[in-house]
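J.: After the structure tokens below, expect a handful of questions from me.
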Amino acid sequence: MLQTLLSSVTRPAIARTPALVLLASALLLAIVVIAFLAPWVATHDPNAIQPAVRLKPASADFLLGTDSFGRDIFSRLVFGARASLLIGVVSAIAAILAGLFIGLVCGYYPSVDMLLMRVMDGLMAIPGVLLAIAFVALWGASISSVIIAIAIPEIPRVVRLARSVVLATRHEPYVEAAVTLGTPGWKIVWRHLMPNTLPSLIVQATYICASAIMLEAILSFIGAGLGSEIPTWGNMIADGRLYFQIKPSIVFIPAAVLSACVLSMNIIGDEVRDRLDPRLKKGGMRVG
Amino acid sequence: MLNYLAVRIGYAIPVAALVGLMIFLLVRLTPGDPAAILVGENATLADIEAVRQSLGLDQPLLTQLVHWVGNLMHGDIGTSIISQIPVSKLIAQRVDPSLSLTLITFVMTTLLAIPLGVLAAWQHGRFADRAIMVFSIIGFSVPVFVLGYVLIKIFAIDLRLLPVQGYKPITDGFGPFINRMILPALTLTLAFTALIARMTRTSMLSVLDEDYIRTARAKGAGESSVLFRHALRNAFIPIITILGNSFALLIGGVVVTETVFNLPGIGRLTVEAILARDYPVIQGVVLMMSFIYLGINLLIDLAYAFIDPRIRY
């Protein structure tokens with residue numbers, strides 16, 4: 001008994017991690033590195049149009065073939081990693097920060113809670129994809145409008161999460177003690193309540209990042225996303241749609257990379273959740 | 001009971017009003033001039049002015065809001081600036097494919113996801129549980145439209161079993177209708193089963209920890225009786241809540257799936273409206289869908305009061 005206990009402590013963390021999680025982390029790390037080094041990894045200019053080599057199969061020159069404009073699919077994939085990751089990460093950070101702020105305020109100040117939570121309920125009632133589509137359609141597609149459009153529908157869930165943690169902890173003795181000592185409200189919220197929300201928010205951030213990358217692809221697919229001069233995995237799939245029956249790989253290659261990336265993030269999110277908060281081990285926080 | 005109904009309905013009204021206000025502002029608070037964006041790049045100033053006046057965008061914001069709400073009360077959710085057809089009529093024309101797709105998906109998902117979730121919870125930690133969870137995480141990591149293309153490639157292009165795309169109303173006969181509906185419905189069902197099975201499992205697992213489950217086992221109840229009569233009945237309320245909440249996601253899925261399979265439904269209507277910048281249509285559809293979502297969730301909440309006597313305000 002003691003032996004197993006000791007070995008579990010001394011065994012390096014990496015050996016206790018399931019193989020699937022290691023694989024997902026390695027894949028994600030590779031994608032991040034490739035995104036950073038895109039100009040050096042890519043073999044062609046991702047936007048160089050060469051009508052003479054349209055829809056070519058994979059070759060030594062075009063590692064994964066070319067698309068309907070004769071652009072190199074491999075290079076677009078590599079640069080697409082940049083845009084897709086940027087959109088995913090920034091949307092997640094934006095949604096978490098906005099949601100954390102509103103959630104803390106709602107949890108600590110009952111006077112605004114009623115109103116703000118009704119606003120959040122309203123926001124949740126608008127289907128996220130439709131809200132994002134309408135937003136991008138009206139504001140014009142740019143990296144920042146796509147990020148805002150993706151982040152907004154995610155905010156209510158973050159608010160609910162942060163608020164529930166505040167409500168659960170605001171009557172803990174250490175918080176009451178701080179109140180008694182005359183600590184200003186903002187300081188109690190920031191120093192004593194906010195840190196409690198971090199574990200669940202970190203987990204939520206990985207899920208939002210994954211679904212943001214997916215939503216970007218959906219926006220592009222529907223025709224409301226970024227123009228193809230900024231390659232993303234989403235608009236590569238969207239551009240390839242018309243040629244799908246002639247050359248399925250034009251859709252399936254970016255689709256496979258996109259799915260693998262999202263899958264890795266979800267797997268890592270589940271693992272982080274299980275480690276940070278064993279109470280949640282059985283469950284899924286994610287509703288969408 | 002009446003009291004509860006009144007409280008719950010009284011709560012839904014301000015939320016619906018806020019939804020309306022947000023959608024109204026979403027269109028009005030766009031940067032730049034919405035009228036100029038709507039008419040496109042090659043329009044003259046006179047064109048822009050004409051559009052602005054026809055939409056009432058030259059009026060003060062408050063006047064516009066009062067006017068808009070007044071129209072809503074009369075059931076007028078706007079008129080397309082392209083076809084000049086009322087949005088409610090456009091929606092009515094296009095509702096059949098979307099409704100069929102949603103209903104078939106909903107029934108198939110429920111039939112598939114709840115047994116899978118129960119099985120996973122029952123076999124917690126064992127092979128069946130792992131397999132279902134792996135399927136589930138893959139299911140919601142693959143975008144719906146990719147799933148659609150994979151199914152088209154396999155069943156329509158390679159095996160030639162089903163048509164690639166298109167829609168036939170059920171009035172043209174059940175065979176042609178269902179032939180074209182199988183793949184889209186299967187696409188959405190796979191995506192939603194992944195989500196709902198996971199949630200059912202979570203909900204079942206927390207119920208299986210309860211004292212009354214141990215009591216049921218202790219008194220010698222059979223395993224199927226414990227699972228279905230004691231556990232599932234109690235897990236049902238959160239599962240139904242999730243089904244209701246996921247309706248918003250289902251709408252998103254419908255929009256995408258209709259595009260993949262070229263179904264002339266409300267999803268296509270929305271996409272066409274976006275491409276044509278027909279903003280009254282975009283606004284009307286988003287509003288309609290949000291209200292349907294609120295209505296469904298209100299009905300679910302009200303249903304609880306009848307199903308579960310513990311729920312009272």
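J.: All but one of (1) touching a helix residue (DSSP H, G or I) at 6+ places or on another chain (Cβ under 9 Å); (2) surrounded by fewer than 17 Cβ atoms within 10 Å (Cβ to Cβ); (3) part of a helix (DSSP H, G or I) hold for residue B:161; state the number of the condition that does not hold.
T.: If we test residue B:161 against (1) touching a helix residue (DSSP H, G or I) at 6+ places or on another chain (Cβ under 9 Å); (2) surrounded by fewer than 17 Cβ atoms within 10 Å (Cβ to Cβ); (3) part of a helix (DSSP H, G or I), just (3) comes out false.
J.: Continuing with the same structure: Looking at the stretch A:121-155, which of its residues are more than 24 Å from residue A:220 (Cβ to Cβ), buried (at least 23 other Cβ atoms within 10 Å of the Cβ) and in contact (Cβ under 8 Å) with a residue 24 or more places away in the chain?
T.: A:124
J.: Hey, can you tell me all the residues within the stretch B:18-31 that are within 20 Å of the chain's Cα centre (by Cα) and either surrounded by fewer than 18 Cβ atoms within 10 Å (Cβ to Cβ) or facing chain A (nearest Cβ under 8 Å) (or both)?
T.: B:18, B:19, B:22, B:23
J.: All but one of (1) surrounded by fewer than 24 Cβ atoms within 10 Å (Cβ to Cβ); (2) in a helix (DSSP H, G or I); (3) within 19 Å of the chain's Cα centre (by Cα); (4) modelled with pLDDT under 90 hold for residue A:201; state the number of the condition that does not hold.
T.: Here residue A:201 clears every test but (4).
J.: A follow-up question, please. So how many residues does the stretch A:117-168 have that are more than 12 Å from chain B (Cβ to nearest Cβ), at pLDDT below 90 and within 20 Å of residue B:28 (Cα to Cα)?
T.: So the count comes out to 0.
J.: Identify all residues within the stretch A:249-263 that are without any contact (Cβ under 8 Å) to a residue 24 or more places away in the chain and over 19 Å from residue A:26 (Cβ atoms); write none if there are none.
T.: A:251, A:252, A:255, listed by residue number.
J.: Scan the stretch A:1-38 for residues that are in a helix (DSSP H, G or I), modelled with pLDDT under 50 and of a type in the set (A, V, I, L, M) and report the count.
T.: 4
J.: Within the stretch A:219-251, count every residue that is part of a loop (DSSP other than H, G, I, E, B) and closer than 25 Å to residue A:139 by Cα.
T.: 10
J.: Starting from residues that are surrounded by 24 or more Cβ atoms within 10 Å (Cβ to Cβ) and of a type in the set (A, V, I, L, M, F, W, C), keep the ones in the stretch B:261-273 and report whichever is nearest to the chain's Cα centre (by Cα).
T.: Of everything passing the filter in the stretch B:261-273, B:266 is nearest to the chain's Cα centre (by Cα).
J.: Mind checking which residues of the stretch B:193-211 are within 9 Å of chain A (Cβ to nearest Cβ), crowded, with 24+ Cβ neighbours inside 10 Å and of a type in the set (Val, Ile, Thr)?
T.: none
J.: A further question follows. Among the candidates B:72, B:101, which residue alone is assigned to a helix (DSSP H, G or I) and modelled with pLDDT of 90 or more?
T.: Among B:72, B:101, only B:101 is assigned to a helix (DSSP H, G or I) and modelled with pLDDT of 90 or more.
J.: Now for a different question. Of the residues in the stretch A:126-175, how many are farther than 18 Å from residue A:92 by Cα and of a type in the set (Gly, Ala, Ser)?
T.: 6
J.: Looking only at residues that are away from every other protein chain (no Cβ under 14 Å) and among the polar types (S, T, N, Q) in the stretch B:146-189, which one is nearest to residue A:254 (Cα to Cα)?
T.: B:189
J.: What's the number of the condition residue A:252 fails, among (1) more than 11 Å from every other protein chain (Cβ to nearest Cβ); (2) at pLDDT 85 or above?
T.: Failed condition: (1).
J.: When you scan the stretch B:1-15, do you find a residue that is part of a loop (DSSP other than H, G, I, E, B), more than 30 Å from residue B:168 (Cα to Cα) and modelled with pLDDT under 80, even just one?
T.: Yes, there is a match, as at least one residue in the stretch B:1-15 is part of a loop (DSSP other than H, G, I, E, B), more than 30 Å from residue B:168 (Cα to Cα) and modelled with pLDDT under 80.
J.: All but one of (1) surrounded by fewer than 17 Cβ atoms within 10 Å (Cβ to Cβ); (2) at the interface with chain A (Cβ under 10 Å from one of its Cβ atoms); (3) not basic (Lys, Arg) hold for residue B:297; state the number of the condition that does not hold.
T.: The one condition residue B:297 does not meet is (1).
J.: May I pose another question? When only residues in the stretch B:16-51 that are in contact with a Leu (Cβ under 9 Å, 6 or more places away or on another chain) and of a type in the set (D, E, K, R) count, which is modelled with the lowest pLDDT?
T.: The residue in question is B:33.
J.: Scan the stretch B:125-145 for residues that are at the interface with chain A (Cβ under 10 Å from one of its Cβ atoms), closer than 17 Å to residue A:18 by Cα and assigned to a loop (DSSP other than H, G, I, E, B) and jot them down.
T.: Of everything in the stretch B:125-145, just one residue is at the interface with chain A (Cβ under 10 Å from one of its Cβ atoms), closer than 17 Å to residue A:18 by Cα and assigned to a loop (DSSP other than H, G, I, E, B), namely B:125.
J.: Okay, moving on. Hey, among A:96, A:87, which residue is of a type in the set (Val, Ile, Thr) and within 14 Å of residue A:146 (Cα to Cα)?
T.: A:87
J.: Next question. Against the conditions (1) within 30 Å of residue A:167 (Cβ to Cβ); (2) surrounded by 19 or more Cβ atoms within 10 Å (Cβ to Cβ), where does residue A:101 fall short? Just the number, please.
T.: Unmet for residue A:101, out of (1) within 30 Å of residue A:167 (Cβ to Cβ); (2) surrounded by 19 or more Cβ atoms within 10 Å (Cβ to Cβ): (2).
Yes/no per residue for (1) surrounded by fewer than 17 Cβ atoms within 10 Å (Cβ to Cβ); (2) closer than 23 Å to residue A:217 by Cβ; (3) modelled with pLDDT of 75 or more:
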| position | (1), (2), (3) |
| --- | --- |
| A:54 | yes, no, no |
| A:60 | yes, no, no |
| A:66 | no, yes, yes |
| A:71 | no, yes, yes |
| A:81 | no, yes, yes |
| A:87 | no, yes, yes |
| A:93 | yes, yes, yes |
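J.: Using beta carbons and a limit of 6 Å, which pairs, at least six apart or on different chains, have the first residue in the stretch B:148-173 and assigned by TED's automatic domain parsing to the domain that holds residue B:268 and at positive phi and the second one surrounded by 11 or more Cβ atoms within 10 Å (Cβ to Cβ) and assigned to a helix (DSSP H, G or I)?
T.: If the second residue must be surrounded by 11 or more Cβ atoms within 10 Å (Cβ to Cβ) and assigned to a helix (DSSP H, G or I), the pairs left are B:166/B:180.
J.: Same structure again: Taking the condition charged (D, E, K, R) and either buried (at least 22 other Cβ atoms within 10 Å of the Cβ) or at pLDDT 90 or above (or both), does residue A:229 pass?
T.: no
J.: Continuing with this model, one more query. For a quick check of your reading of the model, give me the residue pairs whose first member lies in the stretch A:264-275 and is away from chain B (no Cβ under 12 Å), whose second is of a type in the set (S, T, N, Q) and assigned to a helix (DSSP H, G or I), with beta-carbon atoms closer than 7 Å and at least 6 apart or on different chains.
T.: The qualifying pairs are A:272/A:206.
J.: I would also like to ask the following. Given the condition among the polar types (S, T, N, Q), surrounded by fewer than 16 Cβ atoms within 10 Å (Cβ to Cβ), more than 12 Å from every other protein chain (Cβ to nearest Cβ) and out of contact with any Pro (no Cβ under 8 Å at 6 or more places or on another chain), answer yes or no: does some residue in the stretch A:171-194 qualify?
T.: yes
The values are calculated or read from the model by the stated rules, or taken from the named source; none is laboratory data. Note that the structure is a prediction, hence the values are computed from the model and not measured. Every residue, glycine as well, gets a Cβ built from its backbone with ideal geometry; the counts of neighbours run over all protein chains shown.
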